[in-house]
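Encoded as structure tokens, the structure appears first; notes follow it.
The values are calculated or read from the model by the stated rules, or taken from the named source; none is laboratory data. Please read these numbers as outputs of a predicted model, since none were measured by experiment. Methodologically, a virtual Cβ is constructed for each residue, glycine included, from the backbone with ideal geometry; neighbour enumeration extends over all protein chains shown. Just so you know, the surface numbers come from the protein's heavy atoms only, side chains and all, with ligands and any DNA or RNA stripped out. Shrake-Rupley method; radii C 1.70, N 1.55, O 1.52, S 1.80 Å.
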Amino acid sequence: MSAPGEGGSLGVVRELRAEDVEGASARGKRSFTGTEQPDFAHELVRPISRAWVAAAREGGVVGYVLGWVAGGEAQLLSIA
């Protein structure tokens, strides 16, 4: 097993980057229908937001976790 962020045969889990916004949005649309989707571009600059993506070795987002951390508490917003 690889260390976090190091990448194994399936890819890597790392913090969301600007280049991941389109892929994370597409993953959310494929995973959830009829619900409001996160605005990843906005969440990327929101100080309380924390987001990670699972990225395939060949590139592309295969999953994500999005949450907020404030006042010593955390709230999970979306996972796909």
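Number of residues in segment 65-80 that are at pLDDT below 95 and open to solvent by less than 30 Å² (accessible area, probe 1.4 Å): the value is 1. Is it true that some residue in segment 23-34 is at pLDDT below 95, open to solvent by less than 80 Å² (accessible area, probe 1.4 Å), of a type outside the set (S, T, N, Q) and assigned to a strand (DSSP E or B)? No, that holds for no residue. Of everything in segment 10-51 that is hydrophobic (A, V, I, L, M, F, W, C) and touching a residue at least 40 places away in the same chain (Cβ under 8 Å), the residue that is farthest from V65 (Cα to Cα) is L10. Scan segment 24-69 for residues that are hydroxyl-bearing (S, T, Y) and more than 11 Å from the chain's Cα centre (by Cα) and the total you get is 3.
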